[in-house]
Amino acid sequence: MVNLTQEQLRKIQGQVSDGAELREILQNQFPDAVIYIIRGHDSFNYESYVKGAFFNEGQASQLMGKLSSNITLQNTYHVVTGTIGDLTNDRISDQKTGHALSNIDKHMIYSSLEGKLDK
């Protein structure tokens, strides 16, 4: 498990800007890259979902702090950590349900990660 450096993230961003798909870049070049996934659980509908995904633990913790301070939410949140390889091989599961993440969850994770490259 390795954290991506700023230089690696800039390289990835350049490849995405050139038209490469983030999922393929990460799976082929950085399968050991650590990702931090914030999972939400809707206490009303008993559904779990991806709230956000990050390459950086500090950014994930920052969002968790904001979410935890909002006492009007009917949702609970937790951080799931794994690698791109874990995500690819269905080795990351939801802590509330015990099920592997769905294809929709994976799509949301990659979309969230791609959004972080612009920042």
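Bear in mind that the values in this text are calculations on the coordinates, not laboratory data. All of these numbers come straight from a predicted model, not from anything done at the bench. No Cβ is skipped: glycine too gets one built from the backbone with ideal geometry, and neighbour counts run over all protein chains shown.
Show me, for segment 60-65, the HN-Hα J-couplings you get by feeding each phi into the Karplus relation (A = 6.51, B = -1.76, C = 1.60, θ = phi - 60°), rounded to Hz, glycine and proline as x.
5, 5, 4, 5, 4, x
For segment 80-119, rounded, prolate or oblate, judged on the Cα gyration tensor with a ≥ b ≥ c (square roots of eigenvalues), a/c < 1.5 rounded, else prolate if a/b > b/c?
Judged from the Cα gyration tensor, segment 80-119 comes out prolate (a/c at least 1.5, a/b above b/c).
Taking the Cα atoms of the chain, what is the range of coordinates along each of the three principal axes, in descending order and whole Å?
42, 28, 25
What number comes out for the charge environment of ARG91, summing +1 per Lys or Arg and -1 per Asp or Glu over other residues with Cβ under 14 Å away?
In short, -4.
Need the list of lysines near LYS66 for cross-linking: C-alpha distance under 26 angstrom, and skip anything on the same chain fewer than eight residues off.
Partners found: LYS51, LYS96, LYS106, LYS116, LYS119.
Under a 10 Å cutoff between Cα atoms, tell me which one of PHE55, PHE44, PHE30 has the largest fluctuation in the Gaussian network model of the chain.
PHE44
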